[in-house]
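Where a number appears in this text, it was derived from the coordinates with a stated rule and is not lab data. Note that this is a predicted model, so its numbers are computed, not measured. As a convention, Cβ positions derive from the backbone with ideal geometry for all residues, glycine included, and neighbour counts pool all protein chains shown.
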Amino acid sequence: MNTIKINIVSSSEEIYSGEATMVFATGTLGELGIAPGHTPLLTGLAAGPVRVQNGSDEETFFCSGGFLEVQPDLVTVLSDTAERAESLDESEAIKAKEIAEQELANKDTSIDYAKASAQLAEAVARLKTIQKLRKKQ
Amino acid sequence: MANTKEVRKQIASIKSTQKITSAMEMVAASKMKKTQDTMLEGRPYSLKIKDVISHVALANSEYPHPFYEERAPKKACFIVVSSDKGLCGGLNINLFKQVISKSAELNQQEIGSCFALIGTKASSFFKSVGGEVIAVAEKLGDKPNPDDLIGLTKVVLDMHKNNDIDQAYLCSNSFANTMTQQPNVDQLIPLAPEEQSEEAPSQWDYIYEPEAKELLDGLLTRYIESLVYQAVIENNACEQAAKMIAMKNATDNAGDLIKELELLYNNVRQAAITQELSEIVGGASAV
C-alpha cells in the first residue's frame, strides 16, 4: 500500500516518526486529510488532534498549534509546546525588555571597549595562572 | 617559623573546601548527563524545521522574506547566551571575548551594537562594561522552557522589522565534547540563503493556507526561536561539562595543597620536638 512518511516534532522532543497511509490534522482553515502524493502545502495548525492512520492502525497525538508542511512523500508537523497568542508573545517581550531596563538602569549605552578588554584580560590571566599551577605539579 | 596550630587550621579549611568542590564536581557530572539528553531531545525539531525552511527556500515563493534581505548594516544585535552560575572555568569569558572583538570590529566599520542577553553572567558582565542592552532572560534553569525565550527573541525580531537593527548574531558555546567547548559568533539575520541545486530548477510552489506572508513570518520566527533555544540548551550542556572539569581541577589542586601543608606541618612539629629535646639536654648538662 502507498504510504507517506510522517514526522511529528516539538521543540523539546521528537513525538512520532513513521509511515502512514493517511494523516488527518486540523489546519487553521479547517480539517485536512493528507494522502500520499499530496501536492506541496504549507499551513498553520490549530490546537487539536493529529491522527496518523497506517492501514487499520490509528494513532492520535494532541498538538497545541504549530505548522504543517506537506511534500509529496513527506509530512512534517512542527508542534508548538504551548498555545501561542500574539498578546501573550507581546507580554513576554515586554517582560524581557523590563528586566533589561531594571538591570541596566542609569547606564550609558556606549560600550567601554577598553574596560571590557581589560576585564576579560584579567579573567583570562587568572585562568592561565591556575592552569600553570596545575602543570607545575 | 609557623606554629603547628596555624598550619593545622589551614589544612582543615582546605579540606572542607575540597569536600565542597568534589561534591560540586559530582553534581555537575550528573547534571551534564541530563543537559546532554535535553540537548539531544531538542535536535529533531531543529533538524526538521531546517528541512522545511530549506524546502521553502527552494520553492518559488511569491513572497521574499525580510530575514533573507541583505540591508546596508547600520546596527547589529548580539544575542549572547551565557550561564547563570559561575565556577565553570573560562566558558563565559572566552565567549565574551569573541563577542567584544566582533562588536569592536563592527564598531570600526561604523556599525553599532546592541545586546540581548541570556543568563545572569552575561547581564552582569555587560552591566559593568556598558553597552545597549535591549532584552534580558535570566534564571532559565537546567531544563529551559522554549517559551521562556519567546519574549527575548520577539524583541530582537521586532527591532529588525522596524529597521532598528539590520543584522543579528547568535553568540554561544557549542559542545564538542566534555573537554572542549567552542565559543561561536554566528550570523542569524540575514539568514544565509540555501544553496540552490543546479539540476533541479524549482518551478513549484506551496499551496499556502492561509497567506504566504503570514505563514512564512510565523515559520521563520519559529525557526529563529528554535535556533536560540538550541543554543541555550547546548550552552547548558557546555556549562555543566566546563564546571565538572573546573571543579575536578580545584579538587586536585586542593589535594596538592594539603599534601604540601602536611609536609610543612610535620617539619614544624619535628623542629619543635628537636628544640625541646635540645633544651632538656642543655638543661640537664647544666645541672
Give me the angle, in degrees from 0 to 90, between the Cα long axis of helix B:212-286 and the longest principal axis of the Cα atoms of chain B, rounded to the nearest 10. 10
Which whole-number percent is the relative contact order of the range B:54-146 (Cα, under 8 Å, 6+ apart)? 31
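Counting only DSSP beta bridges with both residues in the protein assembly as shown, what percent are antiparallel, rounded to the nearest 5? If you can, show how the numbers build up before the last one.
Values: 43 of 69 bridges.
Roughly 60 percent of the beta bridges in the protein assembly as shown run antiparallel, per DSSP.
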Mean Cα-pair separation over length for chain B, i.e. relative contact order, pairs under 8 Å, 6 or more apart, %: 33
Report, in degrees rounded to the nearest 10, the 0 to 90 angle that the Cα long axis of helix A:113-136 makes with the longest principal axis of chain A. 90
For A:Arg51 paired with B:Lys33, estimate the spin-label separation in nm (one decimal), with each label point 7 Å from Cα along the Cα-to-Cβ line. 4.2
On C-alpha positions alone, give me the angle between the axis of helix B:120-129 and the longest principal axis of chain B, in degrees, nearest 10. 90
Structure shown: which of B:Lys48/B:Lys154; B:Lys127/B:Lys154; A:Lys115/B:Lys248; B:Lys15/B:Lys127 lie over 29 Å apart, alpha-carbon to alpha-carbon? A:Lys115/B:Lys248; B:Lys15/B:Lys127
Using the alpha-carbon centroid of each, what span in Å lies between the range A:26-97 and the range B:38-73? 17
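Estimate the FRET efficiency between B:Ser174 and B:Ile273 by the formula 1/(1 + (r/R0)^6), using the beta-carbon distance for r and 60 Å for R0, to the nearest 0.05.
So the FRET efficiency works out to roughly 0.55.
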Per the rule of 0.36 nm per residue minus the C-alpha distance, extending B:Lys259 to B:Lys127 adds in nm 43.4 nm
Relative contact order, percent, the range A:1-111 [alpha-carbon distance under 8 Å, six or more residues apart]: 24
How high is the FRET efficiency between B:Trp204 and B:Ile20 when r is their beta carbon distance and R₀ equals 51 Å, given to the nearest 0.05? 0.25
Residue separation times 0.36 nm, minus the C-alpha to C-alpha distance between B:Asp164 and B:Asp51: what's the value? 37.7 nm
Could you tally the net charge around B:Arg8, taking each other residue with its Cβ under 12 Å from the Cβ of B:Arg8, Lys/Arg +1 and Asp/Glu -1? +2
Return the distance in nm (one decimal) between the two label points of a simple spin-label model at A:Phe62 and A:Ser91, each offset 7 Å from Cα along Cα→Cβ. 2.1
Quickly work out the B:Ala12-to-A:Ala118 label distance, labels modelled 7 Å from Cα along the C-beta direction, and quote it in nm with one decimal. 4.2
Quick one: if the Förster radius is 30 Å, what FRET efficiency do A:Tyr16 and B:Lys85 give, using the C-beta to C-beta distance and rounding to 0.05? 0.25
